[in-house]
């Protein structure tokens with residue numbers, strides 16, 4: 001059984017169709033890339049999966065149950081976490097506080113007015129793990145708003161990971177980054193995928209990143225699915241060449 | 001009994017028209033600039049008092065024409081000097097600032113014109129009843145209904161047919177695009193503020209003739225105007241108009257049966273609307 | 001930044017508050033003025049729990065403050081002469097009303113939320129204002145007084161002894177403020193900061209934002225109604241103006257003036273505001289204009305508040 005199954009999803013905004021009859025299946029442990037020219041409906045597609053928007057028609061099934069109508073928070077509880085194209089963090093709080101909030105919510109402590117020493121220790125321990133994995137440790141007590149773009153992005157990814165997701169949705173994780181930062185983030189994503197066994201769907205523009213990471217690629221253009229396949233198949237596909245790669249070049 | 005209900009319904013509709021005039025001005029400013037103008041009631045009072053002061057010199061009609069314009073000019077000044085600085089900041093600050101202004105206006109009018117209700121003379125021929133059966137149909141009441149109607153009609157024509165109006169409406173939907181298209185947003189917001197205050201001034205002159213003029217007239221009318229906007233739906237001017245008339249009529253009718261609840265009823269209505277339809281009757285989804 | 005108070009700062013604050021009755025008269029004040037500052041500071045700090053630490057703008061907190069006021073007044077006048085029961089009734093009334101109103105409005109945001117809180121605040125004002133026979137209408141509710149508290153072994157004479165009353169107020173203040181500080185340092189409190197910082201991120205971390213805002217709102221209103229209850233006892237009088245919109249504005253300006261992002265900010269704001277109001281209203285009839293002008297000056301020149309400015313100075 002596949003982890004995520006999107007069935008014939010359509011979303012229109014007052015007549016304007018942003019996503020039209022798109023289907024997708026993501027297997028457990030897969031890393032899937034979604035590519036397409038600007039305005040292809042990639043982010044809208046993500047918003048439908050994460051619950052930011054509801055589809056006009058179609059169904060979304062996660063781990064065997066229909067989540068089409070669930071609120072975002074409930075989808076998170078079931079194991080879908082996401083990042084945004086424009087980094088969304090808590091800028092006035094430190095990296096440690098950002099991660100701690102995520103860990104506490106994931107541990108089911110969000111309504112607790114106090115924590116036992118034992119629970120607090122567990123949270124501390126998990127935050128430490130996340131620091132180790134990401135290499136953000138040296139900047140733990142800096143405010144996130146002061147950090148570089150790459151570190152903010154890494155913080156956001158680690159917050160999402162703190163939720164112990166089964167599926168991680170990354171919306172253009174390397175957007176607006178220099179070569180070194182892009183490389184670092186790519187390595188981080190790779191590491192999470194291999195070591196933590198998280199299934200990942202990511203939107204990306206940088207072809208190097210995609211061909212380096214993805215197991216399978218889906219191509220969207222003008223709201224419709226154009227092609228789907230392994231990186232090699234997509235690179236060889238003529239339809240993709242003309243509609244997307246051709247135009248991009 | 002029927003006559004009593006009709007009387008109060010009609011009365012309520014007139015009051016509702018005040019609420020609507022005031023709420024439309026508030027809405028214009030809120031929609032384009034994101035500012036809740038707490039001082040709107042203060043401007044209304046100033047409109048009324050200016051008319052009162054001008055009347056001995058230029059007569060009722062002159063005052064009716066001139067006082068709202070002067071009030072609007074004051075509004076333009078206030079926007080330029082104070083409110084403009086707060087655009088784009090947390091709405092908390094503009095609320096506090098206009099709150100302070102409301103205090104100053106209320107106290108200022110009390111200082112200049114005294115705390116007592118001042119007599120506001122309307123032309124004799126307007127104050128006589130038109131019909132012996134329906135004693136409440138005085139000329140002035142009819143006149144107010146007509147004038148409020150004309151004002152609202154003129155406002156909607158302005159917004160739909162003139163360049164300024166179309167720009168205001170476009171700016172309400174997407175200020176950034178409008179500014180990219182070369183519209184001077186500073187001037188647009190300034191004029192829009194003035195327009196809103198003009199409506200407050202006009203409502204002030206009319207209200208003075210009906211309710212009597214005292215420094216607290218503004219703070220008495222501003223809360224129902226908020227309720228009118230909330231019931232009608234934020235971002236929708238027709239909604240605001242509808243909300244104003246609705247609460248006016250409702251509180252008019254309730255006065256017949258349960259006078260002490262005439263104020264509370266509009267808040268109950270607001271609660272019901274929020275329960276069933278949080279964005280208001282004609283509010284757009286996702287705007288707030 | 002949101003730092004919970006440093007230990008040293010808090011120590012100084014508590015020391016000053018504990019010794020207040022002994023130095024207040026030396027600087028030209030009186031104990032009741034000190035009580036007033038502490039009570040209104042509690043109200044402003046409660047509001048700030050929502051405003052500064054959850055990022056939700058309420059302009060209608062006077063309603064729940066006022067329910068505390070009338071809860072005490074009505075209990076002591078009609079029900080039974082017991083101060084503690086009065087306080088309990090006041091807090092309960094404010095909290096229940098807030099829970100109901102909160103459920104109607106938590107889905108709204110920003111200016112819309114502010115506007116609806118203002119409008120809802122007026123309901124309770126009109127009830128107090130109109131229901132003459134019970135509430136005394138515009139004249140307010142008088143003909144009752146706070147009652148000394150029997151503690152079994154001893155008797156706390158809060159009626160005859162201003163200092164005793166001050167310490168009762170301070171005791172309640174300490175309890176409420178400690179509870180709020182504790183909440184803000186807890187996982188729940190951190191979700192509120194998260195909502196203030198970035199609602200979208202909070203939602204996609206799996207925080208049901210509306211539910212948390214409702215809880216924050218009810219908590220905030222509960223403590224503000226405690227402040228109201230104490231305020232009624234302080235004045236031995238319930239005034240309908242205590243639940244009007246201008247009172248809400250006073251609370252907001254206190255929080256802003258002292259610094260919304262600092263835990264003790266509203267306390268400083270309340271102290272400045274109360275002393276200033278006390279002075280200005282004794283000097284001129286037109287104190288409303290001065291208070292209005294004061295609002296405008298604060299917004300234009302001190303939007304970060306006293307503590308915001310101090311912190312910025314020390315950071316640079």
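Search the range A:69-86 for residues being part of a loop (DSSP other than H, G, I, E, B) and facing another protein chain (nearest Cβ under 9 Å), and hand back the single one that is surrounded by the fewest Cβ atoms within 10 Å (Cβ to Cβ).
Out of the qualifying residues, it is A:71.
So which residues in the range B:227-237 are at pLDDT 85 or above and surrounded by fewer than 24 Cβ atoms within 10 Å (Cβ to Cβ)? Matches in the range B:227-237: B:236, B:237.
When we screen C:206, C:189, C:182 for residues that are within 14 Å of chain A (Cβ to nearest Cβ) and on the phi > 0 side of the Ramachandran plot, the only hit is C:206.
Applying the selection to the range A:101-115, what residues are more than 18 Å from the chain's Cα centre (by Cα) and within 7 Å of chain C (Cβ to nearest Cβ)? Residues satisfying the conditions are A:101, A:104, A:105, A:109, A:110, A:111, A:112, A:113, A:114, A:115.
Being part of a helix (DSSP H, G or I), within 13 Å of chain B (Cβ to nearest Cβ), within 26 Å of residue C:125 (Cα to Cα) and modelled with pLDDT of 90 or more is a condition met by at least one residue of the range C:296-313.
Conditions (1) under 21 Å from residue A:5 (Cβ atoms); (2) crowded, with 20+ Cβ neighbours inside 10 Å; (3) touching a strand residue (DSSP E or B) at 6+ places or on another chain (Cβ under 6 Å), marked per residue:
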residue: A:188; (1), (2), (3): no, yes, no
residue: A:202; (1), (2), (3): yes, yes, yes
residue: A:205; (1), (2), (3): no, no, no
residue: A:214; (1), (2), (3): yes, yes, yes
residue: A:224; (1), (2), (3): yes, no, yes
residue: A:228; (1), (2), (3): yes, no, yes
residue: A:232; (1), (2), (3): no, no, no
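Between C:93, C:114, C:119, the distinction of being within 17 Å of residue C:247 (Cβ to Cβ) and more than 11 Å from chain B (Cβ to nearest Cβ) belongs to C:93 only. The residues of the range B:103-118 that are more than 7 Å from chain C (Cβ to nearest Cβ) and in contact (Cβ under 8 Å) with a residue 60 or more places away in the chain, listed by number, are B:105, B:109, B:110, B:112, B:113, B:115, B:116, B:117, B:118. With respect to the conditions (1) buried (at least 23 other Cβ atoms within 10 Å of the Cβ); (2) assigned to a loop (DSSP other than H, G, I, E, B), residue B:42 falls short on a single one, namely (2).
Filter the range B:144-171 down to the residues that are over 15 Å from residue B:29 (Cα atoms), surrounded by fewer than 18 Cβ atoms within 10 Å (Cβ to Cβ) and in contact with a helix residue (DSSP H, G or I) (Cβ under 7 Å, 6 or more places away or on another chain) and list them by number. Those that are over 15 Å from residue B:29 (Cα atoms), surrounded by fewer than 18 Cβ atoms within 10 Å (Cβ to Cβ) and in contact with a helix residue (DSSP H, G or I) (Cβ under 7 Å, 6 or more places away or on another chain): B:145, B:147, B:158. Residues in the range C:96-111 that are within 23 Å of residue B:38 (Cα to Cα) and more than 11 Å from chain B (Cβ to nearest Cβ): C:102 only. Restricting the first member to the range C:271-289 and to residues that are within 10 Å of another protein chain (Cβ to nearest Cβ), and the second to residues that are assigned to a helix (DSSP H, G or I) and crowded, with 19+ Cβ neighbours inside 10 Å, the beta-carbon pairs closer than 6 Å and six or more apart or on different chains are C:286/B:107; C:288/B:103; C:288/B:107; C:289/B:104; C:289/B:107. List the residue pairs whose Cβ atoms are under 7 Å apart, where the first residue sits in the range A:34-51 and is on the phi > 0 side of the Ramachandran plot, the second is in a loop (DSSP other than H, G, I, E, B), and the two are 6 or more positions apart or on different chains. That search, which allows pairs on different chains as well, returns A:41/A:223; A:51/A:70; A:51/A:71.
In the range C:192-203, of all residues being within 7 Å of another protein chain (Cβ to nearest Cβ) and over 25 Å from the mean Cα position of the chain (by Cα), the one that is nearest to residue A:161 (Cα to Cα) corresponds to C:201. For the range B:92-146, filtering for residues that are modelled with pLDDT of 75 or more, touching a strand residue (DSSP E or B) at 6+ places or on another chain (Cβ under 7 Å) and outside any loop (DSSP other than H, G, I, E, B) leaves 1.
Within the range A:184-197, identify whether any single residue is modelled with pLDDT under 90, under 17 Å from the mean Cα position of the chain (by Cα) and not in a helix (DSSP H, G or I), and answer yes or no. Scanning the range A:184-197 turns up at least one residue that is modelled with pLDDT under 90, under 17 Å from the mean Cα position of the chain (by Cα) and not in a helix (DSSP H, G or I).
Among residues of the range A:116-135 being in contact with a helix residue (DSSP H, G or I) (Cβ under 7 Å, 6 or more places away or on another chain) and modelled with pLDDT of 90 or more, the one that is farthest from the other protein chains (Cβ to nearest Cβ) is A:131.
For the range C:78-188, please list each of the helices (runs of 4 or more DSSP H) lying entirely inside it that holds at least 3 residues being modelled with pLDDT of 90 or more.
It comes to C:83-105, C:110-130, C:162-184.
In this structure, is residue B:210 closer than 15 Å to residue B:15 by Cβ, at pLDDT 85 or above and surrounded by fewer than 23 Cβ atoms within 10 Å (Cβ to Cβ)? So residue B:210 fails the test. Return yes or no: is residue A:206 over 14 Å from the mean Cα position of the chain (by Cα) and more than 19 Å from residue A:126 (Cα to Cα)? Yes.
How many residues, within the range A:31-71, are within 26 Å of residue A:192 (Cα to Cα) and touching a helix residue (DSSP H, G or I) at 6+ places or on another chain (Cβ under 9 Å)?
Total satisfying the criteria: 14.
Residue A:52 falls short on exactly one of the conditions (1) at the interface with chain C (Cβ under 9 Å from one of its Cβ atoms); (2) surrounded by fewer than 18 Cβ atoms within 10 Å (Cβ to Cβ); (3) in contact with a strand residue (DSSP E or B) (Cβ under 7 Å, 6 or more places away or on another chain), and that condition is (3). Being within 16 Å of residue B:97 (Cβ to Cβ) and surrounded by fewer than 23 Cβ atoms within 10 Å (Cβ to Cβ) is the requirement here; does residue C:246 meet it? Judged against the criteria, residue C:246 is a match. Hey, does the range A:137-150 have a residue that's within 13 Å of chain C (Cβ to nearest Cβ), closer than 26 Å to residue A:32 by Cβ, assigned to a helix (DSSP H, G or I) and within 20 Å of the chain's Cα centre (by Cα)? No, the range A:137-150 has no match at all. Output yes when any residue across the range C:261-280 is surrounded by fewer than 19 Cβ atoms within 10 Å (Cβ to Cβ) and over 30 Å from residue C:11 (Cα atoms), and no when none is. The answer is yes; a qualifying residue exists.
The values are calculated or read from the model by the stated rules, or taken from the named source; none is laboratory data. No experiment lies behind these values; they were computed from the predicted model shown. Positions of Cβ are generated from backbone atoms using ideal geometry, with glycine treated the same way; all protein chains shown enter the neighbour counts.
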